[in-house]
Amino acid sequence: MIDRPVEPVDLFIIGGGINGCGIARDAAGRGLSVTLAEMNDLASATSSASTKLFHGGLRYLEYFEFRLVREALVEREVLLRAMPHISWPMRFVLPYHKDMRFESDTPTSRLLSYVMPWMKGRRPAWLIRLGLFLYDNLGGRKILPGTTTLDLVGTPEGAPLEDRFARAYEYSDCWIEDSRLVILNARDAEARGAAILPRTKVVSAAREGDLWRVETHNSENGETRIHHAKMLVNAGGPWVGDIIQTKVRLNSTEGVRLVRGSHIVTRKIYDHDKCYFFQGTDGRIIFAIPYEGDFTLIGTTDAEHDDPSKPPVCTPEEQSYLLDFANQYFRETLSDADVVWTYSGVRPLYDDGASSATAATRDYTLKVDANGGAPVLNIFGGKITTYRRLAESALEQIADHLPNATGPWTAGVTLPGGDFAVDGFEALVSDLQDQFAFLNAFWAHRLVRAYGTEAVSVLGTAREAKDLGQDFGATLTEAEVLWLMTHEYAYTAEDVVWRRNKLGLRLSPEQITTLDTWMAAQRQAMSKAAE
Ligand SMILES: Cc1cc2nc3c(=O)[nH]c(=O)nc-3n(C[C@H](O)[C@H](O)[C@H](O)COP(=O)(O)OP(=O)(O)OC[C@H]3O[C@@H](n4cnc5c(N)ncnc54)[C@H](O)[C@@H]3O)c2cc1C
């Protein structure tokens, strides 16, 4: 074991999901010294398994979660401006039908069954319109268009749906490439001085007077290290409770409720670029979203998940539930044969004692524990959409412990590659194609979506496609993989094809193995060169 003393840092963050990386970026930009340890790849847990929406959460209005919805609605546009490559506006079509029902225990459904008992749990159209009115007006909307009503008869939006859906509402939210959001926050944190340590597990943390002594184990090189920090941040997501109980050993009664959510990806099932918001007869909702050009994303589910160490997978029951749900709306019947991929994640929700998984709050709770020496901040819950505000609140909560930190700064500051106008995407694509004439439309779009203004750096001085080195398939080249390995912490083929991009949907298993073998050889060459 190597017990190498490392200078104490201000903040040691456990967890490289969106909350850990968002806090690392914010803290580093305030002049604090920061180390972040992630036991696997960055964004390898919940933060790459979301529905990928920057959204206010229309359904949370039924739970009277006005604080959360307002904060998230305001954030949509703040975030969109800071990252117009990985986030973009989307329109959501909400078909209306008289059989749509509430989940029976929402405050709204209880109120409605008291004043309008004859509705028997149905969601009336005027209530949906009222919800959308609030959604349009709670959050200082400037860029995104507001709600409209839509005739589904004879329109592209109505074409894939069964005839009984004649009317719909259409409203706005935004898409976000969730795993890239995490990576870009980590990169920006590092550029501002933070140390980002992927594949580094925190095995224990103990108070030593005014400092934390943190022991980490690196799965890449087998090295064990001791770090010292003035403050600890537990951003372990689904493991937040495990870290409290078994790594930091705090005497805390706070807990998380683990709720699994699964998605299925099918071949593309309709032609336009809008999403659907489907309401079920069980009171739940699911989305159907155009995905990666040739696919449709359908989700999600809510199932209790008892153990964070059990990798979440979409069960056959969850897959059938999603297919049956979508089949209540789509004209074409979907079956298991249409499913090309599934993924699943675990929501680390603050345990507020709610009766059902669907009802548990999606808001976040931050708890500082300074009993007995150096402080620790535990993070429960949170949405991708509120990560920047969560980081600001976290820094505000710990300000007394770290008085040298400067003030909030992240609103309005772009992430790497995001320094262009919200409506400037197509112009950037065409500039890239002018500069690199060998790029076809798919390739140029993909690169600008992933890297924004940095796409030129990924391509370097290439004049023809072969200048980019080995072609791994689906436009993935050696030059891009090297960029991902040297700038974006990618280590294995899985990191590349499922988290830095989604080319796993287009590459064969053999192509992915070839990439993995090439990356392993490259890692060896890099570490030899560094010796
Ligand atoms: C199905 C689903 C759909 C969702 N959809 C949306 C959506 O559309 N919009 C939205 O805003 N939000 C959405 N969310 C919520 C959002 O994804 C989560 O709130 C967010 O990703 C949580 O991030 P996190 O950083 O707290 O956790 P995580 O991303 O899980 O990160 C925690 C990290 O800590 C690491 N870790 C744990 N223990 C240790 C240790 N001992 N040492 C080192 N590292 C450790 C883990 O490996 C993990 O990477 C969704 C969630 C789910 C599950």
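Odds and ends about this structure:
- Inter-centroid distance (Cα atoms) of the stretch 275-352 relative to the stretch 442-459, Å: 30 Å
- Solvent-accessible area per residue, Å², over the stretch 446-531 with all protein chains present [probe radius 1.4 Å]: 45 Å²
- Furthest towards positive pole of dipole, 245, 139, 501, structure part the chain, Cβ charges: 139
- Karplus-derived 3J(HN,Hα), 6.51/-1.76/1.60, for each residue of the stretch 325-334, Hz, glycine and proline x: 4, 5, 5, 5, 10, 6, 4, 7, 7, 8
- Distance cut-off 19 Å, percentage of C-alpha pairs in the stretch 197-264 lying past it: 42 percent
- Taking other residues whose beta carbon is less than 11 angstrom from the beta carbon of residue 55, and scoring Lys, Arg as +1 and Asp, Glu as -1, yields +3.
- Residues whose amide H falls under 5 Å from that of residue 54, counting only those 5 or more places apart or on a different chain, are 174, 175, 176, with hydrogens built in the peptide plane.
- Of the Cα atoms belonging to the stretch 383-525, the radius of gyration and Dmax stand at 18.6, 56 Å.
- HN-Hα J in Hz across the stretch 241-251 - Karplus 6.51, -1.76, 1.60, θ = phi - 60°, x for Gly and Pro: x, 4, 5, 4, 7, 10, 9, 9, 6, 8, 8
- In Hz, Karplus ³J(HN,Hα) per residue of the stretch 440-449 (6.51, -1.76, 1.60; θ = phi - 60°; x = Gly, Pro): 7, 4, 4, 5, 5, 4, 4, 5, 6, 4
- Dipole size of the stretch 122-279 about its Cα centre, with +1 on Lys/Arg Cβ and -1 on Asp/Glu Cβ: approximately 400 debye, rounded to the nearest 20.
- Alpha carbon convex hull of the stretch 275-400, projected area averaged over orientations, nm²: 10.7 nm²
- When the P(r) is computed for the chain, the part past 34 Å accounts for 39% of the Cα-Cα pairs.
- Coordinate range of the alpha-carbon atoms in the stretch 335-384 per principal axis, descending: 57, 25, 16 Å.
- Accessible area (Å², per residue) of the stretch 237-313, counting only protein heavy atoms and a probe of 1.4 Å: 39 Å²
- Across the stretch 52-99, C-alpha contacts under 8 Å between residues 6 or more apart give a mean separation that, scaled by the residue count, equals a relative contact order of 28 percent.
- Charge context of residue 230, other residues only, Cβ under 10 angstrom, K/R +1, D/E -1: -2
- For the stretch 363-417 versus the stretch 24-50, the inter-centroid distance based on Cα atoms is 12 Å.
- Euclidean distance of C-alpha centroids, the stretch 463-531 and the stretch 153-176, integer Å: 39 Å
- Cβ charges +1 (Lys, Arg) and -1 (Asp, Glu), total dipole of the chain, debye: 980 debye
- Evaluated at q = 0.16, 0.21, 0.22 Å⁻¹, a Debye calculation over the C-alpha positions of the stretch 118-180 (equal weights, vacuum) places log10 I(q)/I(0) at -0.74, -0.99, -1.02.
- Of all accessible heavy-atom area on the chain, the percent that carbon and sulfur account for (1.4 Å): 52 percent
- What the stretch 371-430 shows is 41 Å² of accessible area per residue, with the surface traced by a 1.4 Å probe over protein heavy atoms.
- Radius 11 Å from Cβ of residue 390, net charge of other residues (Lys, Arg +1; Asp, Glu -1): -3
- Counting only DSSP beta bridges with both residues in the chain, the antiparallel share comes to about 80 percent.
- Taking only alpha carbon atoms, the stretch 194-330 gives an Rg to Rh ratio of 1.14, where Rh is the Kirkwood radius.
The values are calculated or read from the model by the stated rules, or taken from the named source; none is laboratory data. Just so it is clear, the structure is predicted and the values come from calculations on it, not from any experiment. Neighbour counts run over all protein chains shown; Cβ positions are idealised from the backbone, glycine included. Accessible surface is based on the protein model in full, side chains and every heavy atom, while ligands, DNA and RNA are left aside. Shrake-Rupley method; radii C 1.70, N 1.55, O 1.52, S 1.80 Å.
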